[in-house]
Each structure stands twice: as C-alpha cells, then as structure tokens.
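Reading through the structure tokens given below for one structure.
Derivation of every value follows stated rules applied to the coordinates shown; laboratory data play no part. Quick caveat: nothing in here was measured; it's all calculated off a predicted structure. In this analysis, Cβ positions are derived from the backbone assuming ideal geometry, glycine residues included, and neighbour counts consider all displayed protein chains.
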Amino acid sequence: MLETIDLRKVYPTGDEALTGVSTTVDGNEIVAMIGPSGAGKSTFIRCINRLTEPTDGEIRLDGSELTALGESEMKAARRNIGMVFQEYNLVERLTVMENVLSGRLGYVSNWAALRRKFPPEDVERAYDVLETVGLDGMENKRADELSGGQRQRVGIARAVVQEPKILLADEPTSSLDPESSHAVMELLADIAAEEDIPIIINIHEVPLAVEYADRILGLHDGELVFDGPTDGLDENA
Ligand code: ADP
Ligand code: ADP
C-alpha cells in the first residue's frame, strides 16, 4: 500500500508543483492521474521514488516511510518501485534481454555493468516477464530495432522484472499511436492483476483513463481536485 500524506513540492524556482496531496493506493487497483500540463502529475510520481526530493509531507510504502530514508537506503527501496517512462528510457544499442535484466539491478548509470552474467533465476524471471508483455522470441533483438509500442513493452518488462510493490507510469502512452496506447493500457491492467500490485498511471487522454482505470485522481495546479472510482463516469465526458 502506498500512502502520501500532505505531499508538497516547491521547486527552487518557487514553482509550487504540489500543494499537499494526500491519497492512498492499495491492492491491485489501476489509478489514473489526470490533469492539464503543469498540474504536477510528473512531480508526484518523481517524488514517490524520490528522483525529486519532496519539500514536505510523508510517503509510505507498505509501512516503510520512504521520506525518512537516507540516500543508500532509498536506493535499495527503489527496487520496490517500478518505473515506466514516456520515452521508454531504454538503452537503444543493447538487446531486449539486456534492457529487461537491467531491472534486476535497480538504477544503472554505468551500462557496462549490464555486460555481466546474471544468475539463472534473474534470467528465468526475465523470460517469464517477456512472455507476459508479449515479446517472447524477441529477446535478442536490439531495442532500436523495435517499434514504439514494442519498446514500451520492454520498458514495462524492465519495471516488472524487479518484482516491485507498486508500478508508476509517467505518460506511458504519450509517444504512442492510439492502437499501441490501448494495448499498453490493457497490458498494464493485466499486470496489476497478475502481479497483484497497484499501478499509478499519469495520462492526459481522459477516455483511456476512464476505460482502463479503476479510479481517477484529478490534479489541478498541484492540488488534488478529484479522487473517485471510474464506475459511472462517461468515457466521452
Ligand atoms: P505535469 O506532469 O502535470 O505536466 P509537472 O509535475 O511536470 O506537471 O510540473 C508541475 C509544475 O512544476 C509546473 O509549473 C512546472 O513548470 C514545475 N516544474 C516541474 N519541474 C520543474 C523543475 N525541475 N524546476 C522548476 N519547476 C518545475
Ligand atoms: P549514461 O550514464 O549512459 O548517460 P544515464 O544514467 O544518464 O546514462 O541514463 C540515461 C537515461 O536512462 C536517463 O533518462 C535515466 O533516467 C534512464 N535510466 C538509467 N538507469 C535506468 C534504469 N535502471 N531504469 C530506468 N531508466 C534508467
């Protein structure tokens, strides 16, 4: 379970990106965070894994207070938080398998570190996850040989392979055509069920959010202005 309590972020520029966001995300629910550009969606996600330092407030993941952790403890805790990015953030010249396996190492800044021998259980898990995302048989292709939709599947596989307690996806469909966007949302919904973890997805296409999410968080000017189930909401509203 992820809990944010009065999460606040003021950038050094004075921009108040989050004004005090309190919410709880639990079970295997799919939560879509919607709101106009500049609302604070991306800041919210980056604060949770502390790629951005929150100014104030608390973040708890399964009882552990992330905001109280030191830098090295936080590094370890990031293993529990899977991240999916708009631009995939793959290493284009490495293979699908190498990109996926990098998830087993957590954040990697030196890509040479990936040219190592991974334990068999890591490789086995990677093959399982590649099957889940529909890329079995593609493991030896280079990332730069893939379509956008396939690259995003690799990005999702890299996040899932680390066996996270929660998945955070920052605009995962914004670089994709409508067909691939639907496929990625459907895949994320499958993963929430299969891995039994909650997923928070930043998305600006409201119809996609209503179709695939269980719940919507509406952010405006850094403030949570809506928090409710998608049941009964009109996809075309
Ligand atoms: P969204 O993801 O909803 O588009 P962001 O979280 O990217 O919103 O941005 C929220 C606000 O914080 C905006 O006013 C934006 O200009 C500001 N902001 C985002 N990142 C930074 C940064 N690194 N430095 C200063 N201001 C930032
Ligand atoms: P390099 O040192 O090769 O330039 P960087 O550390 O700058 O690589 O990372 C390049 C991009 O990949 C960045 O956008 C970074 O956020 C992303 N990145 C790095 N490691 C990971 C990882 N383990 N999972 C997801 N994205 C990552």
Next item on the list: Could you tell me whether the stretch 113-125 includes any residue that is surrounded by fewer than 22 Cβ atoms within 10 Å (Cβ to Cβ), under 17 Å from the mean Cα position of the chain (by Cα) and not in a loop (DSSP other than H, G, I, E, B)?
Entry: no
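Take the residues of the stretch 168-178 that are buried (at least 24 other Cβ atoms within 10 Å of the Cβ) and under 9 Å from the mean Cα position of the chain (by Cα): which is nearest to Met138 (Cα to Cα)?
Of all residues in the stretch 168-178, those buried (at least 24 other Cβ atoms within 10 Å of the Cβ) come to 168-169, 172-173.
Filter once more, keeping what is under 9 Å from the mean Cα position of the chain (by Cα): 168-169, 172.
On the way: Leu168: 25, Ala169: 23, Pro172: 21 Å.
Looking at residues that are buried (at least 24 other Cβ atoms within 10 Å of the Cβ) and under 9 Å from the mean Cα position of the chain (by Cα), I get Pro172.
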Margin query: Condition (residue is closer than 23 Å to Pro198 by Cβ, within 14 Å of ligand 2 (Cβ to nearest atom) and crowded, with 19+ Cβ neighbours inside 10 Å) applied to the stretch 127-147: is it met by at least one residue?
Written below: no
Check: When you scan the stretch 25-84 for strands (runs of 3 or more DSSP E) that lie fully inside it, which ones turn up with 2 or more residues that are under 13 Å from the mean Cα position of the chain (by Cα)?
Finding: 30-34, 81-84
Note to self: Name the single residue that is nearest to the chain's Cα centre (by Cα) among those in the stretch 93-107 being within 10 Å of ligand 2 (Cβ to nearest atom) and surrounded by 24 or more Cβ atoms within 10 Å (Cβ to Cβ).
What the structure shows: Gly103
Checklist line | Residue list for the stretch 147-174, restricted to those being out of contact with any Phe, Trp or Tyr (no Cβ under 9 Å at 6 or more places or on another chain), more than 27 Å from Gly63 (Cα to Cα) and either of a type in the set (Phe, Trp, Tyr) or away from ligand 1 (no atom under 16 Å from the Cβ) (or both) | finding: Ser147, Gly149, Gln150, Arg153
